[in-house]
Amino acid sequence: MFRKLHEPESAVTILIDGVEVAAEIGEPVAAVILRQEEPWSRLNPVTNERRAPYCMMGVCFECLAEVDGKASIQTCLKPVCPGMRVSRQRGKRSIGA
Ligand code: FES
């Protein structure tokens, strides 16, 4: 659906659900998620519907995902770092996670 308009200046690899994907250092993790074939970030904990980043400015909370073991991270506000591990969030965040 989405693609970059330029070649990344500082390309790195991150993992999304264990799959290596190309990203650019400093771009929002949500932007990387939106470039994937299945561009969703979390499942609605009530209806189990797929949700995807929407506002890209920290307002809607549709972009929540697990980043480096921490759940409910707003991926639109989280810049890509080398070696980052992202998991699509399934269900509610557990206490202490
Ligand atoms: S996309 Fe709306 S809060 Fe992240």
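Any read-out appearing in this document is the output of simple, stated calculations on the displayed coordinates, not a laboratory observation. On a predicted model such as this, the values are computed, not experimentally measured, just so you know. For neighbour counting, all protein chains shown are included, and Cβ atoms are generated from backbone atoms with ideal geometry for every residue, glycine included.
In table form, for the structure just shown:
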{"item": "Total charge dipole magnitude, the chain, about the Cα centre, Cβ charges on Lys, Arg, Asp, Glu only, Debye to nearest 20", "result": "440"}
{"item": "Helical mean residue ellipticity (222 nm; -39500 (n - 2.57) per DSSP H run of 4+; nearest 500) of the chain", "result": "-1500 deg cm²/dmol"}
{"item": "Scattering profile of the range 7-97 at q = 0.12, 0.20, 0.23, 0.24 Å⁻¹ [log10 I(q)/I(0), Debye over alpha-carbon scatterers]", "result": "-0.32, -0.88, -1.15, -1.25"}
{"item": "Sequence-distant aspartates and glutamates (8 or more away, or on other chains) whose Cα lies within less than 18 Å of Lys92", "result": "Asp17, Glu49, Glu62, Glu66, Asp68"}
{"item": "Stokes-Einstein D (µm²/s) once Rh is taken as the Kirkwood radius of the range 1-52 over alpha-carbon pairs, at 25 °C in 0.890 mPa s", "result": "204"}
